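The values are calculated or read from the model by the stated rules, or taken from the named source; none is laboratory data. Here the structure is a predicted model, which means the values were calculated and not measured. Every residue, glycine among them, receives a Cβ derived from its backbone with ideal geometry; neighbour counts consider all protein chains shown. The protein model used for the area step is the full one, side chains on, heavy atoms only, and it has no ligands, DNA or RNA in it. Shrake-Rupley method; radii C 1.70, N 1.55, O 1.52, S 1.80 Å.
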Amino acid sequence: MAVLAAAQLLDELMGRNRNVAPSEKTKELNWEDPEYCKFYMVKFCPHDLFVNTRADLGVCSKVHDDEVKALFEKSTSYKKQAYEDEFIRFSQGMLNEVERKIVKGKQRLALIGNKSEPPSSLSPQQTQRNQEQIALLSTKINSLVSEAEAAGIEGNVEQAQGLMKLCDQLKEEREQLRKQNDNSHWSQTAEIAAAQEKQMEVCEVCGAFLIVGDAQSRIDDHLMGKQHVGYARLRMALEEIMNERAKQRDEKEKKRDEERRERHRQREEEEKKKEKDREERRKRREEEDGRRKHRDERVHGSHRDREWDRDSRSRHREDRGSSRSHRSRSRDHRDKARHEDRDRDRRRENGDRDRDRRRH
């Protein structure tokens, strides 16, 4: 670790290419190289926060390079989110550990506070009864001790042991009564000293114990300490990352909403355009139908006129034909009548000649 720290110091002073010969080609910087510290590129390296403190993480094994960090910040690659996720997991683990420390510190102070509370005092009557009971127990204990000694002298070992056990039980009972009386005489001086005892509290940032109402200089020293500042920076960095991600999510959601509204507006415009086109086509069809109907009516009218002319001419011809046939029939009838008259006249003449021949 010391060698690595010395190498990093030399890189800062002389540059990362200090060992490269003039004829050699320098390596192009790439923030994706595994030699560079991911945490340092995202925000900062937690190993640099708690140097020489109880939370010291040691020297970071990766390279901290400001130029690489600048390249990382300018990059728009999706891989940056994986680096941020790793920084969040590491920082959140440290903050969870200090949160457990804060909870334990508060529990410890609460336990100490409960122990420092004075027990409830007994009434004078109860104290008097306890004194009388203690005196009776003392008398009985002395009697049992004497009997046990006598039994031991006589050789009754079991009896002596039983008496001593009973004596021990009575001594425990007497000791409890004495403690009750001693606690009931809690002095006012002790209560004042307990009230004046320094009260402690737990720092909500780093979990350190602080004295309530301590001097401002000591409070400032604590607030400027590496451990307090380190955990505060971790919290602030996490909040910045989470707020930035929330902002990005809101912007993406807002952008998606705008895109949805734009698509909806475009669809509405397309629908309006389609409706307008349909209306125009409908009007054109109606106009074409009107023109076609008018043209058809004109064509049908001319057809009717031509048909009427043809019918008129046909009727005229028929009339002419019928008149000629009528005149022809009239001539035939007249001719027939004349033929009949001639035949009749001829038959009459023949009849007259026949009658003349018969008379002669």
Answer yes or no as to whether ARG129 is under 30 Å from PHE209 (Cα atoms), open to solvent by 80 Å² or more (accessible area, probe 1.4 Å) and modelled with pLDDT of 75 or more. no
Could you tell me which residue of region 211-254 is surrounded by the most Cβ atoms within 10 Å (Cβ to Cβ), considering only residues that are at pLDDT 90 or above and not in a helix (DSSP H, G or I)? GLY225
For region 49-64, check the following and say yes or no: at least one residue is modelled with pLDDT of 90 or more, assigned to a helix (DSSP H, G or I) and either out of contact with any helix residue (DSSP H, G or I) (no Cβ under 7 Å at 6 or more places or on another chain) or crowded, with 17+ Cβ neighbours inside 10 Å (or both). no
Would region 74-88 turn up any residue that is within 30 Å of CYS203 (Cα to Cα) and touching a Leu at 6+ places or on another chain (Cβ under 8 Å)? yes
How many of the residues in region 89-103 are closer than 30 Å to MET200 by Cα, open to solvent by 80 Å² or more (accessible area, probe 1.4 Å) and without any contact (Cβ under 8 Å) to a residue 60 or more places away in the chain? 2
Matching option when the condition is open to solvent by less than 100 Å² (accessible area, probe 1.4 Å) and either charged (D, E, K, R) or not in a helix (DSSP H, G or I) (or both), among GLU287, GLU258: GLU258
